[in-house]
Amino acid sequence: MIFRQFFERESCTFTYLIAERIGGEALLIDPVLSEVDQYLRALEELELKLVFAVDTHVHADHITGLGKLRDSSGCATIMGQQSRADCVSQKVRDGELLSVDGLQVEARYTPGHTDDSYSFLLKDRVFTGDTLLIRGTGRTDFQNGDARAQYDSLFNNLLTLPEATTVFPAHDYKGWTSSTIGEEIKHNPRLQVTNVEQYVEIMQGLNLPKPKLLHVAVPANLGCGMVPDLVERKAESFPMETSVQEAHERLDQYRLIDVREPSEFVGELGHIENASLVPLGTVENASADWNKKDVLLMICRSGRRSGRATKALREAGFEAATNLTGGMIAWNEAGYPVTVELEEEEHE
């Protein structure tokens, strides 16, 4: 069997190439867009025909290479049936087999990190995506993550595999390249729990920062990495205004910037969860550290101040900045959730 492990340094992503023989069919798991040329070169050198390119889930920290691989090689693109990525050629179900020459790769539904997370089992090895990492597990605090579902995916699915099964995750940040089910049972600190409540408590206490590319990667990956209108959209085509309804439906695709004053941010209108407070007068300086490809949703009380901020950002090169029409007033009127942190009155 041919097996290769590629590593993309910026997002610490592993990609796996699997084939039964030189000159045969091949499968790639979790390809990264920036590394596609490397994969294609390896395929050519090994005389392999790529038949499947698979993502274990919609990634939030890098842009997938599924679409480019499909266009370059004619391969089928694969994700789990729960995925919202309608661009894929085929959606697999729990227990379904992918055949690559004589190799049989079993899809296993392992939700928790996201609601569309799958692992893929091949003989003596399992590709766990972000569900099971080496000495860790994938965070569960966005993209419909669920710590209880992940506990079930771990303890009632992956950890029931033979202990000698090699674990190949989608990421590693400490220099590991693989592990085994037995090692993780014994040494993974997040698995040293006796019940689901303990596991949920661990996951709820992580308080991790959001991935840097979240607001670019998720919308791009819903289009198999081939969505230029969200990744490289030009100012004339990206809307200056976004309704509260559209913003609510696609909230995880935006970087939220609230330009009100601190007293308003914690006032009666509240603020949208995960919004960053950047008062209008500080936007110019703060934006010097922002990525100009981020999809920015600008927010204020009524949409006026954020409208001015959006215009200024557009002129500064932020082509994907858009204003929340009607601001927090419209958001509240629509009944969408807010975080309210009313200031306590001072008492002598």
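Computed from the coordinates by the stated procedures, all read-outs in this text should not be read as laboratory data. Since this is a predicted model, take the numbers as computed values, not measurements. Cβ: placed from backbone, ideal geometry, glycine included. Neighbour counts: every protein chain shown.
The single condition from (1) closer than 20 Å to Phe3 by Cα; (2) crowded, with 19+ Cβ neighbours inside 10 Å that Glu45 fails is (2).
Restricting region 188-213 to residues that are farther than 18 Å from Asp146 by Cα and not polar (S, T, N, Q), the residue that is surrounded by the fewest Cβ atoms within 10 Å (Cβ to Cβ) is Pro189. If the condition is being in contact with a helix residue (DSSP H, G or I) (Cβ under 6 Å, 6 or more places away or on another chain) and polar (S, T, N, Q), then region 109-145 contributes Thr110, Thr131, Thr137, Thr140. Residue count for region 1-30 satisfying the condition of being basic (Lys, Arg) and part of a loop (DSSP other than H, G, I, E, B): 2. Within region 318-333, being surrounded by fewer than 19 Cβ atoms within 10 Å (Cβ to Cβ) and of a type in the set (A, V, I, L, M, F, W, C) holds for Ile329, Ala330.
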